[in-house]
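Here the structure comes first, spelled out in C-alpha cells, and everything after it is commentary.
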Amino acid sequence: MPRKGQKMSIESKERIRQSSLGRKFSDITREKLRQSLLGHKVSEDTRRKIVENRKIKHLTEEWKMNISKGNKGKIRSEEARMKYKMCQKGAKNSQYINGKYCRKLDKNIRETKEYLRWRSDVFKRDNYICQNCGISGCYIEAHHKKAFVLIFEDFLKEYQSLDMKIDKDVLCLLAVRYKPFWEIDNGLTLCRNCHINTRKRSD
Ligand SMILES: [Zn+2]
C-alpha cells in the first residue's frame, strides 16, 4: 500500500475498484465517508482533469442504467430541486427561443414525414456509416451542421407575426415548405458517441 502522499499505481487503483464493485456500504460507513469528504478541497489541477475526463468519456449504457437505478426513489431536497429547475430555465434551455418556449412546435416538426425523409436521405447518402469514426452497423443519428435550433430561430423570425401556440398547425405546414430545414447538405450521419462529442464541442 502506498504511504500518505504517495501516488497509487493504476493496477492498485484497479484492484481496489474491482474489489469494491457491487459492495454496499452501511449507513454508518456512508456517513463516515461523507464526513471525511466534507470540506475536502480539490486542487485546480484535479478539477481541470475531472472536467477534461468528462469531456472525453461518455457514459456506457450499463453505466447510465446504474445511475438511473441509483436515482430511483431518491427524494431530492426542495433546494436541490430548485437548483435543477433554475439551471434549466430560460436562455439556458435549448427549447427557449426568442424569449418563448416552443417545445411542442419543435417536436411537431421533428415528427413530420419530411423530417424522417431528410434523415433517411442523409443516412443513404452516407451509406449508413458514421462520417466521423467510420463505424457502421450501429445506431446512427443525423447531425445538423447548422443546428436545428438555429434554423428554427430563423424560421420563426420569418413568421414572427404568427403565434407559436395559436398558429402551431399553420407554422408546422410552413415549416414543411421551409427549405433550410430540409437541406441534405446540412445533415451528417454520426454514431451516437460521435454525435454526443460533436454536440459537446459546439457547446
Ligand atoms: Zn462515430
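Readers should treat all values here as calculations from the given coordinates under stated rules, not as data from a laboratory. Everything numeric in this text was worked out from a predicted model, so none of it was measured. Virtual Cβ from ideal backbone geometry, glycine too; neighbours counted across all protein chains shown.
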Worksheet item: Tyr128 to Lys13: FRET efficiency via 1/(1 + (r/R0)^6), r the Cβ-Cβ distance, R0 45 Å, to the nearest 0.05?
Response: 0.70
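Which entries of Lys113/Lys146; Lys49/Lys145; Lys64/Lys168; Lys13/Lys49; Lys13/Lys200; Lys72/Lys113 show an alpha-carbon separation above 27 angstrom in the structure shown?
Working: Lys113/Lys146 20 Å; Lys49/Lys145 29 Å; Lys64/Lys168 35 Å; Lys13/Lys49 17 Å; Lys13/Lys200 29 Å; Lys72/Lys113 36 Å.
Table pairs above 27 Å Cα-Cα are Lys49/Lys145; Lys64/Lys168; Lys13/Lys200; Lys72/Lys113.
Where does region 115-203 land on the Kirkwood hydrodynamic radius, alpha-carbon pairs, in angstrom? Don't skip to the end; give the middle numbers.
On the way: mean 1/r = 0.0704 Å⁻¹.
The Cα-based Kirkwood calculation yields 14.2 Å.
Determine the dipole magnitude for region 102-202: charges of +1 sit on the beta-carbon of Lys and Arg, -1 on that of Asp and Glu, nothing else is charged, the reference point is the Cα centre, and the result goes in debye to the nearest 20. Can you show the working numbers first?
Values: 20 positive and 14 negative charges, 66 e Å.
About 320 debye.
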Worksheet entry | Set of aspartates and glutamates near Lys7 by C-alpha distance (under 19 Å), chain-local residues within fewer than 8 positions excluded | Glu44, Asp45
